[in-house]
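Since the structure comes first, as structure tokens, the remarks are kept for the end.
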Amino acid sequence: MGITFYSICYAVWWCSVLVLAFCILRRRGWAKQRFASVTVPIVLYALVMLRTVLPLDFPYAIILPDKWFYPRFYRWMNAEWFTVGQRSFSVVTVLIGVWAAVACLEILWYSVQYFRVVRRIRKYARPAGEPVQTVFRKVAGEEKRQIAVAVYTAPHIEIPHGIGAFRKLILLPQQPYSEEELYYILKHEYTHFRNHDIWMKQITAFFCIIFWWNPIVQLLKQDIGQALELRCDKAVVKRLDKGGRIAYLKTIASIVRGKSARSAPVYGSTALPSEDNADLQERFHAIMGPEQPKANARKRALVTGFAIAMVISYATILQPCTEAPASAEPNTVDIEPDNSYVIHRNGEYWLYTENCLPTQISEEIAEDFAEEKFKFYEE
């Protein structure tokens, strides 16, 4: 078991396929994230991210040979692009360097933005007044498991939102809210903290930064954000009657009307309204729609299909396959992992094949044999 060039490519391929499939199903209404299944997309997307960052190649995986695209792609990736001094740089070396450099810059920029927001909060935010604290104590008192959350107001924000994975803060704009609006705003943000949604959004943000070159992960980022909001809405309105749900929707609508294009906080926080009208409509429909059974055929089919896909993704591995030329001599010996091995001795690599004399090979060829799972011995 290990991580190879093939297993990394295969994991990214599976990530893209699964995320794209989820998005298509959800947008076509087949896997709508309603009350019975709002947690399912979150769990499935989390497993997709885990599958991508753990691209393990198991020794007993079934090899899926590709004779057309993969051999050409592998040769192009390993082709020498340019030379600096005595060091040669292949296409894959340059691409990995660019990948790492851009990812580091993106992480740095995201961190700067996030800590800039935190610094502004520390400088300008103040604890909310007693009327707000009274409503918040009511909200916290309704929860079975209470967590440490502080409520602050700040002059530079336009949307109520929660921020902070360790020091949890609910930030409110300096504008008047009715007691009912305050209740639903604070209830919504407190529920996000109770569900650990800040952590999930931070993990998703860093995952998308690392795989910045794959546009599919941006769909994952958007869908996870929407799934978290739907799950939060479900928890807030769970015990509300129709009138309470309408009041909750009115609170969301009033905040949406008062926001500007630049009012959205950083992705690592949780804001009450969404930026997308289609997402808002889905949330409104889920809040006012009828309760659905805890188990249904669509949910079972989605989970079962995903489980099968995950097993297949680890039980198989796509690798290039090149056929021997048809005009091979009769005495030609096929070099395979079951009849050959490599010995590393004094900085040299020697290939030993059954019924053949040992042959010295280059380090590059030895690395190719390692990718093909040939046995290696050190002397």
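The values are calculated or read from the model by the stated rules, or taken from the named source; none is laboratory data. On a predicted model such as this, the values are computed, not experimentally measured, just so you know. Here Cβ is always computed from backbone atoms with ideal geometry, including for glycine, and neighbour counts include all displayed protein chains. Just the protein is used for accessible areas: all its heavy atoms, side chains included, with ligands, DNA and RNA removed. Shrake-Rupley method; radii C 1.70, N 1.55, O 1.52, S 1.80 Å.
What number of residues within region 67-97 satisfy the criterion of being among the β-branched types (Val, Ile, Thr) and either at pLDDT below 80 or more than 32 Å from the chain's Cα centre (by Cα) (or both)? Number satisfying all stated conditions: 2.
Each residue in region 331-364 was checked for being of a type outside the set (Asp, Glu) and open to solvent by 90 Å² or more (accessible area, probe 1.4 Å), and 5 of them qualify.
Consider residue 300 carefully, then state whether it is open to solvent by 60 Å² or more (accessible area, probe 1.4 Å), at pLDDT 70 or above and among the basic types (Lys, Arg). Taking the combined requirement at face value, the residue satisfies it.
For region 287-297, state whether one or more residues are modelled with pLDDT under 75, acidic (Asp, Glu) and in contact with a Phe, Trp or Tyr (Cβ under 8 Å, 6 or more places away or on another chain).
yes
Within region 94-127, being more than 30 Å from residue 151 (Cβ to Cβ) and open to solvent by 60 Å² or more (accessible area, probe 1.4 Å) holds for 95, 96, 98, 99, 104, 105, 106, 108. For region 25-46, the condition of being β-branched (Val, Ile, Thr), modelled with pLDDT of 90 or more and open to solvent by 20 Å² or more (accessible area, probe 1.4 Å) holds for none of the residues. Listed here are the strands (runs of 3 or more DSSP E) enclosed by region 310-379 that have at least 2 residues being at pLDDT 85 or above and out of contact with any strand residue (DSSP E or B) (no Cβ under 7 Å at 6 or more places or on another chain), and there are none. Scanning region 138-164 for residues that are without any contact (Cβ under 8 Å) to a residue 24 or more places away in the chain and over 26 Å from residue 201 (Cα atoms) yields a total of 1.
Remark: residue 258 falls outside the filter, which requires a residue to be within 24 Å of residue 285 (Cα to Cα), in contact with a Ser or Thr (Cβ under 9 Å, 6 or more places away or on another chain) and modelled with pLDDT under 90.
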